[in-house]
1. With the checklist (1) modelled with pLDDT under 95; (2) in a strand (DSSP E or B); (3) β-branched (Val, Ile, Thr) in hand, flag the one item VAL64 doesn't pass.
2. For the stretch 39-69, enumerate the residues that are without any contact (Cβ under 8 Å) to a residue 24 or more places away in the chain and of a type in the set (Gly, Ala, Ser).
3. Here is a check on your reading of the model: is ASP184 of a type outside the set (A, V, I, L, M, F, W, C), free of Cβ contacts under 8 Å to residues at least 40 places away in the same chain and either open to solvent by 30 Å² or more (accessible area, probe 1.4 Å) or outside any loop (DSSP other than H, G, I, E, B) (or both)?
4. Contact list please: Cβ distance under 7 Å, first residue in the stretch 1-21 and within 16 Å of THR97 (Cβ to Cβ) and touching a residue at least 40 places away in the same chain (Cβ under 8 Å), second residue of a type in the set (S, T, N, Q) and surrounded by 11 or more Cβ atoms within 10 Å (Cβ to Cβ), pairs at least six apart or on different chains.
5. Determine whether HIS46 is in a loop (DSSP other than H, G, I, E, B) and either at pLDDT 95 or above or in contact with a strand residue (DSSP E or B) (Cβ under 8 Å, 6 or more places away or on another chain) (or both).
6. So, in the stretch 40-64, of the ones that are open to solvent by less than 30 Å² (accessible area, probe 1.4 Å) and more than 11 Å from the chain's Cα centre (by Cα), which residue ends up nearest to PHE98 (Cα to Cα)?
7. Give the residue, chosen from SER132, SER123, SER160, that is surrounded by 16 or more Cβ atoms within 10 Å (Cβ to Cβ), touching a Leu at 6+ places or on another chain (Cβ under 9 Å), of a type outside the set (A, V, I, L, M) and assigned to a strand (DSSP E or B).
8. If I ask for residues that are part of a loop (DSSP other than H, G, I, E, B), surrounded by fewer than 16 Cβ atoms within 10 Å (Cβ to Cβ) and over 16 Å from the mean Cα position of the chain (by Cα), which ones from the stretch 83-115 would you list?
Amino acid sequence: ANSTVTLVADLVVAPFDWNFANAGADVPQPDTSQGLDGIADRLMMHLWYRNFGSHESLVVNHTVDVGSDVHGIRWYEIRGGAVDDTLADAYIYQQGTFAPDSHHRWMSSVAMDHMGNIALGYSIASSMLYPSVRYAGRLVDDPLGVLNQAEVEMIAGSGSQTGQDSYGRGRWGDYSAMSVDPIDDC
């Protein structure tokens, strides 16, 4: 009763498809028929906010079908020019879809540092690749909408996730987070 929510802008993004044929078990893995849940029907953790003084930025991401039921990551930077509490002048500053090969990428998290550099961490798997953790990024001066910094493997998977929840979904990597180091703000 003490809050009011008001639509101040419609942000139109590039078209995408989030509907996968085998939702809930749609990411394949080696040595098992148990697929993993790509959770493509929602934005992922976190929606990060930065106040740069001259503008505000929000970064967020979600999973999309990049063709043939292959998971990729769509990410956005939303900007507002006037630093206030409304973001009434918000617009999509940049957006991109990250899917450099035929492996599935999902369960992503994005963050932006004090310079405007962006890092995107995510799960990766395929019928030939055990579930693993990788990240990619872009520097503030890189071309807009592109993660130009090379993909790096943080953790190489050594087996498949065969468990499932009470709905039959293979869950792996839930609630991962990309964060900015509070010591150096990078």
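The values are calculated or read from the model by the stated rules, or taken from the named source; none is laboratory data. What you are looking at is a predicted structure, and each value in this text was computed from that prediction instead of being measured. In this analysis, Cβ positions are derived from the backbone assuming ideal geometry, glycine residues included, and neighbour counts consider all displayed protein chains. Note: accessible area is taken over every heavy atom of the protein model, side chains too, but ligands, DNA and RNA are not part of it. Shrake-Rupley method; radii C 1.70, N 1.55, O 1.52, S 1.80 Å.
1. So the condition that VAL64 fails would be (1).
2. GLY67, SER68
3. Yes; evaluated as a whole, the condition is true for this residue.
4. Correct list of pairs: VAL13/GLN95; ALA14/GLN95; TRP18/THR63.
5. So HIS46 fits the description; yes.
6. LEU58
7. Only one candidate qualifies: SER123.
8. Correct list: VAL83, ASP84, ASP85, THR86, ALA88, ASP89, ASP101, SER102, HIS114, MET115.
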